[in-house]
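First the structure, in the form of structure tokens, and then the observations on it.
The values are calculated or read from the model by the stated rules, or taken from the named source; none is laboratory data. The shown structure was predicted, so the numbers you read here are calculated from the model rather than taken from an experiment. Here Cβ is always computed from backbone atoms with ideal geometry, including for glycine, and neighbour counts include all displayed protein chains. Side chains included, ligands, DNA and RNA excluded: accessible areas come from the protein's heavy atoms. Shrake-Rupley method; radii C 1.70, N 1.55, O 1.52, S 1.80 Å.
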Amino acid sequence: MCCLVRIGTAESRIVFCWDGSGTTASRAPEWIIMLILGIETSCDETAAAVVEDGKHILSDVISSQIAVHMPYGGVVPELASRKHVEMILPVIDEALTKADVTRDQLDAIAVTQGPGLVGALLVGLCAAKAMAFALDKPLIAVNHLEGHMHAAFLGSQAPAGPFVCLVVSGGHTALYRIDPGGRTKFLGSTRDDAAGEAFDKVAKLLNLGYPGGTVIDKLAAEGNPNTFQFPKAYLEKDSLDFSFSGIKTAVANFLRHYGPPASESHAVSYRLEDLAASFQEAIVDVLVNKTIMAAHLCGVQDIAVVGGVSANQRLRRRLQEEAGYRGLTLHLPALRYCTDNAVMIAAAAYTVWKRTGFTRDMMDLDAVSRWF
Ligand code: KG4
Ligand code: ZN
């Protein structure tokens with residue numbers, strides 16, 4: 001009989017599940033080895049991975065769609081869905097082959113249910129449902145953001161005490177306090193653009209191509225972050241919300257006023273590297289300071305920063321410096337696990353399974369585009 005485990009509900013904020021410290025009667029026994037196939041198709045990566053016990057990565061396959069979306073300067077949802085349809089089966093096959101695992105040996109199939117692009121999510125969901133049904137295996141639905149959170153603890157344990165987690169990606173910028181046992185408190189999120197979205201939009205303004213974050217990161221490494229002052233939105237006192245739409249507008253106004261870098265037709269010429277570094281610094285400042293403030297307000301010693309933007313070199317360095325200075329313990333994913341991947345989905349699914357066991361029928365599973 002196939003079963004579904006769902007994290008939270010589509011309507012609620014995420015109910016995080018960590019460490020198998022749940023108390024339900026169906027909680028899984030500790031000694032069972034779990035081989036989980038994770039599937040991720042929420043945006044522009046088709047990914048599959050086989051992970052044992054939520055930690056031991058047997059395979060990790062990602063088919064990137066960068067080349068598909070590059071000409072448009074951003075993700076085109078319809079093209080993303082079509083590419084997922086083309087790649088999902090080869091990617092799953094490759095993940096199983098690399099792991100040297102047959103379909104029958106799998107204990108469960110895990111899949112991202114949301115948030116994300118509905119058409120893209122549906123491709124992964126349909127593949128996962130079909131596999132679970134045909135193989136008579138349990139299906140575990142995973143929240144993409146919880147997947148990102150697990151990336152910080154691949155190969156290590158989550159902190160024994162509560163911790164603050166910043167999820168910072170192309171679609172989300174949000175702070176949570178997570179307690180041992182999984183109780184989660186939402187602390188704040190962006191009121192407009194996500195930080196990764198700001199990187200992508202500014203890269204587009206500068207004709208730097210897609211995805212913008214990595215390009216700006218590289219350029220900024222050669223620039224002076226103090227050349228220009230861009231607005232940093234801290235909002236009300238002690239607010240843990242974010243706002244990044246103003247900085248994007250400020251860069252657009254800057255370009256209107258000063259023209260492109262090293263332009264001969266304008267009185268002021270400047271280096272693209274300095275502009276990139278100054279823009280990045282304003283974003284990084286806010287992310288670092290709000291995360292530290294959240295740790296202070298919550299009285300916790302551990303912080304985790306996850307999601308695509310956590311790959312940013314300047315952000316990682318500033319977090320290490322500030323955490324070290326304040327005696328906080330910082331948890332960052334390895335670079336490969338900052339951006340979307342299926343290992344984090346399998347890892348999150350393992351925690352769900354340990355905590356709740358398999359409890360529900362699966363065929364009503366549907367994509368959830370907005371799920372906080
Ligand atoms: O987590 P992710 O792969 O997908 C979402 O869940 O959104 O994050 C993608 C986002 C994009 O906006 C991308 O520009 C940004 O992460 N990103 C970066 C870097 N690498 C990826 N932003 C800044 N610096 C980077 N090195
Ligand atoms: Zn993501």
Quiz prompt | Cross-link partners of residue 248 among aspartates and glutamates (Cα-Cα below 14 Å; sequence separation of 8 or more within a chain) | solution = 192, 193, 197, 200, 281
Quiz item: Excluding residue 105 itself, what net charge comes from residues whose Cβ is under 15 Å from its Cβ, given Lys and Arg +1 and Asp and Glu -1?
Solution: -4
Quiz prompt | Carbon/sulfur fraction of accessible area - the chain, other protein chains in place, 1.4 Å, % | solution = 54 percent
Self-check item: Span-rule helices in the chain, defined as complete DSSP H runs reaching 24 Å or more along the axis (Cα) with Kyte mean at least 1.0
Solution: 118-135
Quiz item: If we count every other residue with Cβ under 13 angstrom of residue 341's Cβ, Lys/Arg +1 and Asp/Glu -1, where does the sum land?
Solution: -4
Quiz prompt | Cα centre as origin, Lys/Arg/Asp/Glu Cβ charges: the chain dipole, Debye | solution = 640 debye
Practice problem: Could you give log10 I(q)/I(0) at q = 0.27 Å⁻¹ for region 90-175, computed by the Debye formula over C-alpha point scatterers of equal weight, without solvent? | Solution: -1.31
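Between beta-carbons, use under 13 Å as the cut-off and find the net charge around residue 224, counting Lys and Arg +1, Asp and Glu -1. Intermediate values should be presented prior to the final figure.
Numbers: positive: 271, 314; negative: 222, 273, 274, 281.
Every neighbour counted, the sum reads -2.
Under a 1.4 Å probe, what is the accessible area of the chain per residue, stated in Å²?
41 Å²
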Self-check item: Over 16 Å [Cα-Cα, region 168-217], rounded percent
Solution: 50 percent
Quiz item: Given Cα pairs under 8 Å that are at least 6 residues apart, what percent is the relative contact order of the chain?
Solution: 28 percent
Self-check item: Cα-Cα separations in region 182-298 greater than 19 Å, expressed as whole percent
Solution: 48 percent
Exercise. Could you tell me what fraction of 2.2 N^0.38 Å the Cα radius of gyration of the chain comes to, as a two-decimal ratio?
Key: 1.00
Self-check item: Zone of residue 192's modelled label, taken as backbone nitrogen in region 217-242 under 13 Å from a point 7 Å along Cα→Cβ
Solution: 231-235, 242
Exercise. Among the listed pairs 55/218; 201/290; 201/237; 55/201, give every one whose C-alpha distance is greater than 26 Å.
Key: 55/218; 201/237; 55/201
Practice problem: Please report the relative contact order for region 177-232, taking Cα pairs under 8 Å with a sequence separation of at least 6, and give it as a percent rounded to a whole number. | Solution: 18 percent
